[in-house]
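Presented below is the structure to which this report refers.
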Amino acid sequence: MRHALCAMRYASFAMLRVKNISAYYGNIQVLRRVTFHVKQGEVVSLIGGNGAGKSTLLNVISGIHPASSGTIAFERQEVQKLEPNKMVRLGLLQVPEQRQIFNSMTVTENLELGSYCLPRKAQKRMASSQFQEIYTLFPILEERARQRAGTLSGGEQQILSIARALMARPRMLLLDEPSLGLAPLVAEEIFRVTRKLRDNGTTILLVEQNALAALEVCDRGYVLEAGRIILEGSPAALLDDDEVQRAFLGRDYKGKWER
Ligand code: ATP
């Protein structure tokens, strides 16, 4: 019984709690009192159109861009003033839009860089087991291990970018538009990877313009418009919402939610 109660509490624990966050570029306000949370083990999607403020929100959470007001708690610790390297050490890893891998380095070298933030002893101790885990999850990276990252396909580079973040043993991943610029079939592979990570228990905040795919892969979703959260709910509820259908799924979307 006690175990069951602990498990319930554990499952509902908000790993990330963002409260009333506002942010500016110069005089222009791009985030307006954004409030949301991500529980441990959840995949939460944040959808929104061009310029809605999605990337800025991720950058604020990971300490790259300052918030003008509001609070961010990661595992109950207030972090809104922390620098990006401190956030990485706490276990919050952002996989940036446009991958940002090192083209002239090999796949293995890119992965090694992912564990750079860990203490040296831990790096050495974990290196081989960590590589094995990554290669089991993404066999294509083992096949390409000695290849220069710049010669990989777009989809493979995206997988490498996610895998590099996993090398740091993150508590939570922030994925910024992982399907951007990829052909539909390759994008589908990236969403399969996201599902795999979810099944492995990784907590994920996923930012996407591809609303349908993002809602199919998540446990809950939020809609960001002009810097404000305007809707939140289960994937089924959001897919059923007229506004979401009109703005993100096309006027004649008649899809039925299946899981
Ligand atoms: P997209 O999907 O197009 O990347 P987004 O929802 O991620 O959009 P942001 O990139 O966060 O939106 O941009 C939000 C707003 O802030 C936009 O109007 C954008 O032009 C502006 N913006 C983004 N980065 C900067 C910057 N470095 N300097 C000034 N304005 C910026």
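The values are calculated or read from the model by the stated rules, or taken from the named source; none is laboratory data. Quick caveat, the model's predicted, so the values are computed rather than measured. Neighbour counts run over all protein chains shown; Cβ positions are idealised from the backbone, glycine included. The accessibility values were calculated without ligands, DNA or RNA, using every heavy atom of the protein model including side chains. Shrake-Rupley method; radii C 1.70, N 1.55, O 1.52, S 1.80 Å.
Using helices alone, I'd like the mean residue ellipticity at 222 nm for the chain: each DSSP H run of four-plus residues gives -39500 (n - 2.57), total over residue count, nearest 500.
-11000 deg cm²/dmol
With θ set to phi - 60°, apply the Karplus curve 6.51 cos²θ - 1.76 cosθ + 1.60 along segment 147-153 and write out the HN-Hα couplings as whole Hz, x wherever there is a Gly or Pro.
My calculation for segment 147-153 gives 7, 5, 4, x, 8, 6, 5 Hz in order.
Ignoring ligands, DNA and RNA, what percent of the 1.4 Å accessible area of the chain is carbon and sulfur?
Answer for the chain is 51 percent, counting heavy atoms of protein chains only.
So if R0 is 45 Å, what FRET efficiency would residue 234 and residue 146 give, r being the distance between their Cβ atoms, rounded to the nearest 0.05?
Efficiency, from the Cβ-Cβ distance: 0.55.
Apply the Karplus curve 6.51 cos²θ - 1.76 cosθ + 1.60, θ = phi - 60°, to the phi angles in segment 207-220 and return the couplings in whole Hz, x for Gly and Pro.
9, 8, 8, 6, 5, 4, 5, 5, 6, 6, 9, 9, 8, 8
Extension gain residue 50-residue 108, at 0.36 nm per residue separation less the Cα-Cα distance, in nm?
Residue separation times 0.36 nm, minus the Cα-Cα distance, leaves 17.5 nm.
Apply the Karplus parameterisation 6.51 cos²θ - 1.76 cosθ + 1.60, with θ equal to phi minus 60°, to every residue of segment 234-249 and state each ³J(HN,Hα) to the nearest whole Hz, in sequence, with x for glycine and proline.
6, x, 4, 5, 5, 5, 8, 6, 4, 5, 5, 5, 5, 7, 10, 10
Near the amide H of residue 95, under 5 Å away, which other amide H atoms are found, from residues 5 or more places off or on another chain, if H is placed in the peptide plane?
174, 175, 176
Let me know the shape class of segment 126-184, please: from the alpha-carbon gyration tensor, a ≥ b ≥ c as square roots of the eigenvalues, rounded when a/c is under 1.5, otherwise prolate if a/b is greater than b/c, or oblate.
Taking the square roots of the gyration eigenvalues as a ≥ b ≥ c, segment 126-184 is oblate.
Would you calculate the volume per residue, in Å³, of the smallest convex hull containing every Cα atom of segment 91-207?
93
Expressed in whole Å with the largest first, what are the equivalent ellipsoid semi-axes of segment 149-259 derived from the C-alpha gyration tensor as the square root of 5 times each eigenvalue?
Values for segment 149-259, descending: 26, 16, 13 Å.
Restricting attention to segment 7-72, which chymotrypsin sites (Phe, Trp or Tyr not before Pro) occupy a DSSP loop and are surrounded by at most 14 other Cβ atoms within 10 Å?
Qualifying residues, ordered by number: 13.
Enumerate the amide H contacts of residue 80 below 5 Å, restricted to partners 5 or more residues apart or on another chain; note that Pro and chain-start residues carry no placed amide H.
Here 72 satisfy the definition.
Any idea what Rg and Dmax come out to for segment 35-112 if you just take the C-alpha atoms, in Å?
In Å, with Rg to one decimal and Dmax whole: 14.4, 41.
How much length, in nm to one decimal, is gained on full extension between residue 188 and residue 40, taken as 0.36 nm per residue of separation minus their Cα-Cα distance?
50.8 nm
No solvent, one uniform scatterer per C-alpha: report log10 I(q)/I(0) for the chain via the Debye equation at q = 0.09, 0.10, 0.13, 0.14 1/Å, two decimals.
For the chain, the Cα-only Debye profile gives -0.41, -0.51, -0.86, -1.00.
Out of all DSSP beta bridges in the chain, what portion is antiparallel? Express it as a percent rounded to 5.
Antiparallel bridges make up about 55 percent of those DSSP assigns within the chain.
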